Amino acid sequence: MTFFQKDKPDRSGFDYGKPRFFVFLWFLCQDTIFRFSPIPLYGFRRWLLKLFGCKLGKGVKIRPRARLHYPWRIEIGDYTSIGEDVWLYSIGHITIGNHTLISQKSFLCTAGHDYLDPFLKTTVKPIVVGNGVWIAADVFVNPGITIGDNAVIGARSSVFKDIPTGAICFGSPCTVARYRKTA
């Protein structure tokens with residue numbers, strides 16, 4: 001059987017983590033009251049995200065045009081900032097540490113497809129971002145990646161391998177250029 005003989009792609013093992021009505025309700029809220037909330041209303045957006053199961057630390061700032069796919073699969077530490085047009089594609093779990101900055105237009109992707117499978121079976125792997133990390137603008141982070149504490153990922157990079165603690169990295173694929181000084 002070829003790929004074109006099957007009616008639907010293989011999504012076996014995929015789970016929303018919540019009932020479909022709850023998922024629909026989140027998408028509706030995200031595309032309306034979350035997105036159109038004024039920029040300074042960080043507390044309101046935190047409240048809304050917590051209502052939908054997101055685990056948030058103290059002082060988290062999430063801009064209104066950020067997209068959190070399934071907030072019940074996201075955990076964000078204290079004093080972390082998520083910029084405009086960041087997409088946390090949380091088909092799998094995403095954990096982000098304390099004092100971390102994820103800049104605009106970055107995409108953290110926890111799901112993909114097995115390109116060797118003729119039916120492109122959905123694959124899901126978690127992402128872990130450490131404490132004190134800066135992910136600069138327009139960065140892609142592949143499923144299953146761990147970014148160590150105090151790492152810096154340069155703008156427009158594509159992260160396909162784990163990033164060590166304190167590394168300053170950039171490029172596509174992202175590679176270590178040097179390491180940050182320690183205190």
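Brief remarks follow.
- Among the candidates 44, 27, residue that is free of Cβ contacts under 8 Å to residues at least 24 places away in the same chain, out of contact with any Leu (no Cβ under 8 Å at 6 or more places or on another chain), closer than 29 Å to residue 158 by Cβ and open to solvent by 40 Å² or more (accessible area, probe 1.4 Å): 27
- Residues (within 10 Å of the chain's Cα centre (by Cα) and in a strand (DSSP E or B)) located in the stretch 55-74: 67, 68, 74
- The stretch 134-159 residues that are under 21 Å from residue 111 (Cα atoms), paired with ones that are of a type in the set (Ser, Thr, Tyr) and surrounded by fewer than 18 Cβ atoms within 10 Å (Cβ to Cβ) (beta carbon under 7 Å, 6 or more apart): 140/158; 148/165; 157/172; 158/172
- Of the residues making up the stretch 71-88, those that are under 17 Å from residue 20 (Cα atoms) and either without any contact (Cβ under 8 Å) to a residue 40 or more places away in the chain or open to solvent by 10 Å² or more (accessible area, probe 1.4 Å) (or both) number 2.
- Pair list, Cβ < 6 Å and 6+ apart or interchain, from the stretch 165-183 residues that are farther than 16 Å from residue 131 by Cα and touching a residue at least 12 places away in the same chain (Cβ under 8 Å) to residues that are open to solvent by 50 Å² or more (accessible area, probe 1.4 Å) and not in a strand (DSSP E or B): 173/160
- Looking only at the stretch 104-159, and only at residues there that are part of a loop (DSSP other than H, G, I, E, B) and at pLDDT below 95, the one that is farthest from the chain's Cα centre (by Cα): 118
- Subset of the stretch 163-179 (residues that are in a loop (DSSP other than H, G, I, E, B) and either modelled with pLDDT under 95 or loosely packed, with under 14 Cβ neighbours inside 10 Å (or both)): 172, 173
The values are calculated or read from the model by the stated rules, or taken from the named source; none is laboratory data. Computed from a predicted structure; not experimentally measured. Neighbour counts run over all protein chains shown; Cβ positions are idealised from the backbone, glycine included. Keep in mind that these areas ignore ligands, DNA and RNA; they rest on the heavy atoms of the full protein, side chains included. Shrake-Rupley method; radii C 1.70, N 1.55, O 1.52, S 1.80 Å.
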